[in-house]
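Each remark here refers to the structure printed beneath this line.
The values are calculated or read from the model by the stated rules, or taken from the named source; none is laboratory data. Computed from a prediction, not measured in an experiment: that's the story for all the values here. Note that each Cβ is placed from the backbone with ideal geometry, even for glycine, and that neighbours are counted across all protein chains shown. The protein model used for the area step is the full one, side chains on, heavy atoms only, and it has no ligands, DNA or RNA in it. Shrake-Rupley method; radii C 1.70, N 1.55, O 1.52, S 1.80 Å.
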Amino acid sequence: MKLNYLVFNEKFNLLSLDVVAGACAGMYFFADLMKVELSWKIYLLLGLAVWSIYTFDHLLDAKKVKGQALSPRHRFHQDHFTLLLVMLFVAVICGFVLAFCFLPSFKMFGSGLLLAFLIVLSMAVLRLAGKKTAAVKEFSTALFYVAGLVLIPLLNIDFSFSTNYWMYFLGAYLLLAWYNLVFLSYSDSEQDLAEGQASIVTVIGKVKTRRLLWVLAIIGLLYLVFLFLMLPSYYHIYTLIWGLMFLMHIISFVESPSDKNIKTRKRLELAFSLPLLLLLF
C-alpha cells in the first residue's frame, strides 16, 4: 500500500499535476479576494491549459537532451514521449472545445486564446534566442503564470462590489513564483549544465543566483510585514497564506541552498496549494 502511494506520488509530480493543483488553488486565491465565484469548469480549463504548457515545455527539453537525461522529469518524458505527446494533443483539443462551449463570453474566450498565444510565442522566442535570453526565462514564466491565475477572475470582477486590495497580492504572487523558479533552477544547475539546458544559473552563475535569491527573500519578508501593516485585518488570512508559501521556500533555501532532494521540489510545488485552506473559512 505504501509502495503504491509512493509510486502515485512520484508520477503525480513528474506529470506536473502538483503544478496544476497549485495553479487552480492560486486562481481560487484571487477569485476569493475579488469576490468572484467561478464554475468548476473554469478550473478544469485552467488545469488543462497549465498541464499542456508545462508538458509541452518538458517534452521540448527532453527532446533536446542527447542520450539519457539526468533529470528524473526529463527522463520520464523521454521514456514516455509518444504517449505524452498524444495526451498533450488530446488535452489541447479538449481544452479548446471546452473553452468554446463553457466560457460565457467571447471576451473570455478570446482573452484566454491571446494569453496562450503569448505564452507559446514567448517560449519560442526564448528557445530561439538561446542563452542570450535564458536569464529572463524564470521571470517570464512567473509573469505568465500569475497572468493566467488572475485573467478570468479579473474579467468577472464587479468593481462596485470588490475592493482593490487584491492588487497588493499581484506583486506578491509574482515574487513567489519567480523565487520558486529561480530556486529550482539553482538546485538543478548541475543537471542543466550536463544536459545542455539554459537557465538563469547557466548565464549569471551560481554565486550571483544565490545572491539574487537572498535579495528576493529579503524583499519578500519586508513585503510580508508591509501587507500585515497596511491591509485591513480581514485580508490578514490572505497575507498569512501567501507568507506561509513564501516562508516554506526561504526555509528550504536556508536549510540547504543547493538541495537536489526531490522531496524538496515536491514540497515547494505543493506549497502553492495552500490557498485551498480558504475553503475552510
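Worth a mention:
- Accessible area of region 18-280 divided out per residue, in Å², using a probe of 1.4 angstrom: 50
- Percentage of interatomic Cα-Cα distances in region 140-281 larger than 18 Å: 61
- Solvent-accessible area, 1.4 Å probe, carbon plus sulfur percent, for the chain: 71
- Among GLN68, GLN197, GLN78, the largest mean-square fluctuation in a Gaussian network model of the chain, built with springs joining Cα atoms closer than 10 Å, belongs to GLN68.
- Dipole magnitude of region 56-142, debye to nearest 20 (Cβ charges: Lys/Arg +1, Asp/Glu -1, about Cα centre): 320
- Computed magnitude of the charge dipole of the chain (debye, nearest 20; Cβ of K, R +1, Cβ of D, E -1): 600
- Backbone HN-Hα couplings from phi across region 176-183 [Karplus 6.51/-1.76/1.60, Hz, Gly and Pro as x]: 4, 5, 5, 4, 4, 5, 5, 5
- Of the residues PHE169, GLN68, GLY22, the one whose Cα sits farthest towards the positive end of the charge dipole of the chain is GLN68 (charges of +1 on Lys and Arg Cβ, -1 on Asp and Glu Cβ, taken about the Cα centre).
- The helix-based estimate of mean residue ellipticity at 222 nm for the chain, built from -39,500 (n - 2.57) per DSSP H run of four or more residues and divided by its residue count, is -25500 deg cm²/dmol to the nearest 500.
- Equivalent ellipsoid dimensions for the chain as semi-axes, Å, which come from the Cα gyration tensor, largest first: 29, 25, 18
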